[in-house]
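Where a number appears in this text, it was derived from the coordinates with a stated rule and is not lab data. Predicted, not measured: the structure shown is a model, and the values here were computed from it. Reconstructed Cβ throughout: ideal geometry from the backbone, glycine too, with neighbour counts over all protein chains shown.
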Amino acid sequence: MDRFATIDVGTNTVLLLVAERRPAPAAPGERFAFTPVVERAEITRLGRGVDRSGRLEERAIRDTVEVVARYAAEARALGARGIACVATSAARDAANGADFFEAARAAAGLTPEVIPGDEEARLVWASAWKDFGGGAAGGLAVLDVGGGSTELCLGSGASPAARRSLQIGAVRLTERVAPPDPPGPAAAAALRRGAAEALRGAAELLPAGRAPAGRMVGVAGTVTTLAAVERELAVYEAGVVHGLELSLSTLSALYDRLAGLTVAERQRLPGMEPKRADVIVGGCAIVIEAMRLLGFDRLTVSDRGVRWGLLYDRFSDD
């Protein structure tokens, strides 16, 4: 048994992956393949209020550290030989990020490694390319909508040809616009405008302003939640969501529907993670505007992301 674990501490969610590594003689150029043993996700919203105050709230630190400690203990109990833990947007933006790292070290026996947006994009790409890159004529465009940042990558190989990390995410955009409950048409339009403006910095990824060919892959909780709601999954099923295609027209109709509901009404929708209901409209706005910017009318959903890219990066070889 050869097991390894990764923990991804995001602005909104903390994710755990424990996977078993086995020889992969049938995979050209690869020594090992990974099979998931446990995957978990819990919303702690470490980054709530960071865009406004520049600091992590004490309760957010406490809630997040509690989850990281629990995840680390579970990974060790499952026999993980190594644990890699990274922290992204909220932790790298906050003036008091050291408070979180010190608390995590004391409670979990590990210190999350802060990774810059460029590295976050690279890890997301590694995960998406492993699953969807082989048969993608014309390459991939990969979109990762997080709580505090959004990563966009383009390319046609194991490493992205271009990548950008933008200071906009489902939590950050929602806090900036502060929509009423329900948002209604005016706030829905404001969220779309805010998303489009923030994403404009990624337009330079396009050669001569032209949209890329190939496939667009969407990663992280916003996209998987939208897929689960569209499919009305009473219980989340990664096997149903991973690889599912969503059209721009479907997402636009879903956006209008979600923007017309209160947070409480969204929480009751089949497929909705209740703690994500207050920021899902903002997250959906970013997905739609990213698709429009890059010229894609369909999106392939990935249930994987940083935690899987980190696993491949750190534990694919001894």
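Please identify the GluC sites (Glu not before Pro) of region 22-103 that satisfy two criteria: DSSP loop assignment and at most 16 other Cβ atoms within 10 Å. Which are they?
Answer by residue number: Glu30.
Counting other Cβ atoms within 10 Å of each Cβ, which GluC sites (Glu not before Pro) in region 218-253 have at most 15 and sit in a DSSP loop?
Numbers: sites: Glu230, Glu232, Glu237, Glu245; in loops: Glu232, Glu237.
Passing both the DSSP loop test and the Cβ count: Glu232, Glu237.
If you count, for each residue, the other Cβ atoms within 10 Å and average over each peptide, how do 279-292, 178-191 line up from highest to lowest?
Details: 279-292: 26.1, 178-191: 15.7.
Final packing ranking: 279-292, 178-191.
Which distance in Å, rounded to a whole number, links the C-alpha centroids of region 1-79 and region 171-198?
Centre-to-centre distance over Cα atoms comes out at 29 Å.
Cα gyration tensor of region 1-147, axes a ≥ b ≥ c as square roots of the eigenvalues: rounded (a/c below 1.5), prolate (a/b > b/c) or oblate?
oblate
Cα-based Rg (one decimal) and Dmax (whole number) for the chain, in Å?
18.6, 56
Hey, in the GNM for the chain with a 10 angstrom Cα cutoff, which one of Ala220, Ala253, Ala126 fluctuates hardest?
In this elastic network of the chain, the residue with the biggest mean-square fluctuation among Ala220, Ala253, Ala126 is Ala253.
Compute the relative contact order of the chain as a whole-number percentage, counting only Cα pairs closer than 8 Å that sit 6 or more residues apart in sequence.
Values: 685 pairs, mean separation 60.3, N = 318.
Once normalised by length, the contact order is 19 percent.
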